[in-house]
Protein chains: 2
Amino acid sequence: MHLPDKTIERLSQYRRNLLIILAKGKEFIFSHEIAQLLHITPVQVRRDIMLIGYNGTLRRGYDIKELIDLIGIIIDTDEGQNVCIMGLGNFGKAILNYFAGKRPKLKIVAAFDINPEKIGHLYAGVPVLHVDELSAKIISLNISIGIITVPFDKALETANLLVDCGIKGIVNFSSKPLNLPEHVYLEEFDMITSIEKVAYHTKRN
Amino acid sequence: MHLPDKTIERLSQYRRNLLIILAKGKEFIFSHEIAQLLHITPVQVRRDIMLIGYNGTLRRGYDIKELIDLIGIIIDTDEGQNVCIMGLGNFGKAILNYFAGKRPKLKIVAAFDINPEKIGHLYAGVPVLHVDELSAKIISLNISIGIITVPFDKALETANLLVDCGIKGIVNFSSKPLNLPEHVYLEEFDMITSIEKVAYHTKRN
DNA sequence: CAATAATTGTTAATAAGATAACAACAAAAG
DNA sequence: CTTTTGTTGTTATCTTATTAACAATTATTG
């Protein structure tokens, strides 16, 4: 089954919002209610749900629990995946705090840095290790995803390091465009571009 | 002149990379060289450049300086725009460090928080103020763009506050989907979604 | 000086994504 | 029991974005 990229993004958001709704005790939800949560159209919600092969009940909507579970089956692996952060600056810390314990199937198990003052401690419950240990730890901790938050000029070597260690996917927060081998999935995440985009759009009037 | 959204994003990236190349003393650049920097196709580069109405010289390529300047005219305003950060957690700090002095036409002039220990100090050269001052400062400092880095559950009220103060554009890093009036431009920036997207794509094999 | 290679600018084709339209049908109302 | 209303699932349409194709033309080579 092929799913469009944008659908995957929305599924992630559906799930997060549905978890909150579920916790409030609601059991069923209509497409237009989900749409309202994300500020998109109901058609889009229905289409996404169609694409993943789920069926709601007419005039009752979608079973929230079932939908959450199905999205889990699509996005996560059974055993979950382990993640590491490259660079424990403010950015890395922000992600760690943010993530800590929130996604049971996506665990940040290590942060790597080169600053001796940081190494050996825990941050948000996650051990901070020296980059020299990367290779060994990726294997022993079974890490498949790396998040790059190092400064611009270290990004390239960090990415290469991860690739050499057999990483499967990378999220790059460094604003340095990366070029990875085909078998490594890359998600670029460029803050500056986002802000400049807003600058452009706020110009007119 | 209407420019596609994606073109704007790439222009921002072209400029940043061209600035580096220019600093190295290079004067002209071919479309395929720019393409290589961002790991996209040369056609796309040429098309973007066409859309902004710039002309290179055949077999010499594009004048780097001119291209940078033109991108500046498109993205920036003459006087520049002032930006504030809402929330001086790790995320806010990361952005401040990152940005400090880098974009002359896009200045972060204030950070707002509610923690009394932070207020009154400077961080990365930027004054940290109490949110109560927001309304006054947005006017006196002429702030037109706000960056939201507060936690999930504070995001909504923070956004409303900004809107009420007449902000023109918002970048939302909070993972809480926002719904703003039409006249306020919104850029959502969802870290968790990015990471989950990578999780999805690294599943297969 | 003629032929070849390289590179831009632009139009045409394809692909991806979003929106609209609507048939099917269940529940509610009369 | 019949009609109306609301909601899903899906196909068709429209829009946006990317890629391919190629004419025009300048520099380089022989």
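The values are calculated or read from the model by the stated rules, or taken from the named source; none is laboratory data. Please read all numbers here as calculations on a predicted model, not as lab measurements. Every residue, glycine as well, gets a Cβ built from its backbone with ideal geometry; the counts of neighbours run over all protein chains shown.
The single condition among (1) at pLDDT 95 or above; (2) closer than 26 Å to B:Ile145 by Cα that B:Met1 does not satisfy is (1). Of all residues in segment A:1-40, exactly one satisfies the criterion of being touching a residue at least 40 places away in the same chain (Cβ under 8 Å) and charged (D, E, K, R), namely A:Arg15. Summed over segment A:1-47, residues that are more than 10 Å from DNA strand C (Cβ to nearest atom) and among the aliphatic types (A, V, I, L, M) total 12. Note on segment B:48-65: residues that are without any contact (Cβ under 8 Å) to a residue 24 or more places away in the chain, surrounded by fewer than 18 Cβ atoms within 10 Å (Cβ to Cβ) and under 24 Å from B:Asp5 (Cβ atoms) amount to 3. The criterion of at least 1 residues that are within 8 Å of chain B (Cβ to nearest Cβ) and hydrophobic (A, V, I, L, M, F, W, C) is met by the following helices (runs of 4 or more DSSP H) wholly inside segment A:119-205: A:191-203. Of the residues making up segment A:141-154, not a single one is more than 18 Å from A:Asn115 (Cβ to Cβ), surrounded by fewer than 21 Cβ atoms within 10 Å (Cβ to Cβ) and without any contact (Cβ under 8 Å) to a residue 24 or more places away in the chain. Across segment A:43-59, the qualifying residues are those that are of a type outside the set (D, E, K, R) and within 6 Å of DNA strand D (Cβ to nearest atom), and the one among them that is modelled with the lowest pLDDT is A:Leu58. Flag set for A:Leu122, criterion: without any contact (Cβ under 8 Å) to a residue 24 or more places away in the chain and of a type in the set (A, V, I, L, M).
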